[in-house]
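Each remark here refers to the structure printed beneath this line.
The values are calculated or read from the model by the stated rules, or taken from the named source; none is laboratory data. Fair warning: this is a prediction, and the values are worked out from it, not measured in the lab. Counting neighbours? That spans all protein chains shown, and the Cβs are built from the backbone with ideal geometry, glycine included.
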Amino acid sequence: MLSPKRVHFLDWFALGLLLCGLCCVATGLLPAHAAAEVTRRTAPLLAFLATVIVMAELTGQAEVFDFVAGWISRTGRGSYARLFGLCVVFAAATAAILNLDTTAVLLTPVMLAMAGRVGIAPVPLAMTTVWLANTASLLLPVSNLTNLLAADRVGLSAGGLAARMWAPQAAATAATTACLWAFYWRRGRRGADAYRPPSAFRPADRVLFRTCALACAGFLLLILAAPVPLWADSLAATLVVAATFAVRRPAALTPSLVPWRLLLMVPGMFLVVETVNAHGLHHLLTRAVGTGGGAGGMFRSAAVGAGLSNGLNNLPVYLAGEAAIPTGHRDQLLALLVGTNVGPLVTPWASLATLLWFERCRGYGVRVPLARFTVSSLVLAVTGTAAATGALILTR
């Protein structure tokens, strides 16, 4: 058992948040029926989050992401511009397919390891990961937990959501790409003209590597084609990966694979924010987002979602905002989804992915200047949310 000195402060924060939420229920501040509804909505999310992160952690240990990162850096052939384009595509695809929290958990150390192998500055690679983890999470239900929360109300299949959100996703990615180059990747920021590509990478265990790669591919196919809950898709893929590790590398199967902190933090956040919602937040949001389903109402919903997400957290803010939008205003609801996906960039607690990313950067000894992070993220939050919402309006 871990001693208190070895427990990270975020663990204490997650535990305190859950206890605070439970106290709200126990004291009656949060009505029992509201707590039951929160539990019903969040249980599938927790099941998905737990299984997909375990699968991704083991896939990372099987060196699938290292192989891809090595291929990317070699394909760049020493050109920063080419490497930049490849990193954007890789990070955006990972966020869309494996969800933003998994991207923060796994892609951050892969990018930082790549920086060490090829001798380039780590901050541009780190910022590529955290920004695209958030802004590239509009396309599929699996991409973001807010998308999963929206699935019932929006009434779109995975293919239907992708068909509706491809234009906002393209706009958000374009804004992110421009901000990444301007703030972190251009010659004056990165400090070098070229890099030396690494040698070819070969996985230590080919069986683990191939099995995990196929499990990730199968997971994506199940998401797109199978009419089963997403948590069941991720569970099936995780069982395949875990069974292979049980045979090939059993020592890797430890309790630390389970994202305990997130499993404490997520329900705690929902209960606390739902309590605030029951005591006035709902009325405030109703007035803020308005009842107009046109372009003005959509921009208002996106702006409110982005602003409140940076003050609180995007997951409970989406849930509270959803209740404030009139039934039948699907475009306004999708605009709120844009705001709570693309906008939560400015504060470290605005999304779970950003919290996880900061922790990984600290673990690797990479210091990201907070002032620079805040200012550049604010610019992207405003431009990215506006661009994605505009694209959503134009493609109605």
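Here are a few things to note about the model shown:
- Considering region 35-84, the residues that are among the small types (Gly, Ala, Ser) and not in a helix (DSSP H, G or I) include one that is nearest to Ala320 (Cα to Cα), namely Ala62.
- Counting only helices (runs of 4 or more DSSP H) that sit wholly inside region 101-176, those with at least 3 residues that are in contact with a Ser or Thr (Cβ under 7 Å, 6 or more places away or on another chain) are 108-118, 122-135.
- Residue within region 299-312 that is at pLDDT below 85, crowded, with 19+ Cβ neighbours inside 10 Å and in contact with a helix residue (DSSP H, G or I) (Cβ under 7 Å, 6 or more places away or on another chain) present: yes
- Taking region 356-387 as the range and being among the hydrophobic types (A, V, I, L, M, F, W, C) and either touching a Leu at 6+ places or on another chain (Cβ under 7 Å) or at positive phi (or both) as the test, the residues that pass are Val366, Leu380, Ala381.
- Any hit, region 244-254, residues being in contact (Cβ under 8 Å) with a residue 40 or more places away in the chain, among the hydrophobic types (A, V, I, L, M, F, W, C) and within 25 Å of Asp152 (Cβ to Cβ): no
- Qualifying position, being under 15 Å from the mean Cα position of the chain (by Cα) and not in a helix (DSSP H, G or I), among Leu345, Leu315, Leu356, Leu337: Leu345
- The set of residues in region 74-90 being touching a residue at least 12 places away in the same chain (Cβ under 8 Å), over 18 Å from Ala104 (Cβ atoms) and surrounded by fewer than 23 Cβ atoms within 10 Å (Cβ to Cβ) consists of Arg74, Gly76, Arg77, Gly78, Ser79, Tyr80, Phe84, Leu86.
- Only residues that are within 30 Å of Arg40 (Cα to Cα), among the aliphatic types (A, V, I, L, M) and touching a residue at least 40 places away in the same chain (Cβ under 8 Å) were counted in region 140-190, giving 9.
- Residue that is nearest to Ala204 (Cα to Cα), among those in region 42-88 that are touching a Ser or Thr at 6+ places or on another chain (Cβ under 8 Å) and at pLDDT below 85: Phe65
- Verdict on Trp181 being over 15 Å from Pro344 (Cα atoms) and out of contact with any Lys or Arg (no Cβ under 8 Å at 6 or more places or on another chain): yes
- Number of the condition not met by Thr238 [criteria: (1) without any contact (Cβ under 8 Å) to a residue 60 or more places away in the chain; (2) among the hydroxyl-bearing types (Ser, Thr, Tyr); (3) farther than 25 Å from Ala36 by Cβ]: (1)
- Checking each residue in region 191-208 for being more than 30 Å from Leu345 (Cα to Cα), touching a residue at least 12 places away in the same chain (Cβ under 8 Å) and either out of contact with any Gly (no Cβ under 7 Å at 6 or more places or on another chain) or among the hydrophobic types (A, V, I, L, M, F, W, C) (or both) picks out Ala200, Phe201, Pro203, Ala204, Asp205, Val207, Leu208.
- For the residues Ala278, Ala246, Ala251, Ala236, the requirement of being out of contact with any Lys or Arg (no Cβ under 8 Å at 6 or more places or on another chain), at pLDDT below 85 and small (Gly, Ala, Ser) singles out Ala278.
- Boolean, Ala32 is surrounded by fewer than 17 Cβ atoms within 10 Å (Cβ to Cβ) and either more than 15 Å from Pro198 (Cβ to Cβ) or in contact with a helix residue (DSSP H, G or I) (Cβ under 9 Å, 6 or more places away or on another chain) (or both): yes
- Residues in region 192-210 that are under 28 Å from the mean Cα position of the chain (by Cα) and in a helix (DSSP H, G or I) were compared, and the one that is surrounded by the most Cβ atoms within 10 Å (Cβ to Cβ) is Leu208.
- Scanning region 182-220 for residues that are aromatic (Phe, Trp, Tyr) and more than 23 Å from Arg74 (Cβ to Cβ), we see that the one that is modelled with the highest pLDDT is Phe183.
- If only residues of region 359-396 that are under 20 Å from the mean Cα position of the chain (by Cα) and among the charged types (D, E, K, R) are counted, the one that is nearest to Leu262 (Cα to Cα) is Glu359.
- Any hit, region 122-129, residues being without any contact (Cβ under 8 Å) to a residue 24 or more places away in the chain, more than 18 Å from the chain's Cα centre (by Cα) and surrounded by fewer than 23 Cβ atoms within 10 Å (Cβ to Cβ): no
- Top-ranked residue of region 63-73 - restricted to ones that are over 26 Å from Pro141 (Cα atoms) and hydrophobic (A, V, I, L, M, F, W, C), ranked as surrounded by the most Cβ atoms within 10 Å (Cβ to Cβ): Ile72
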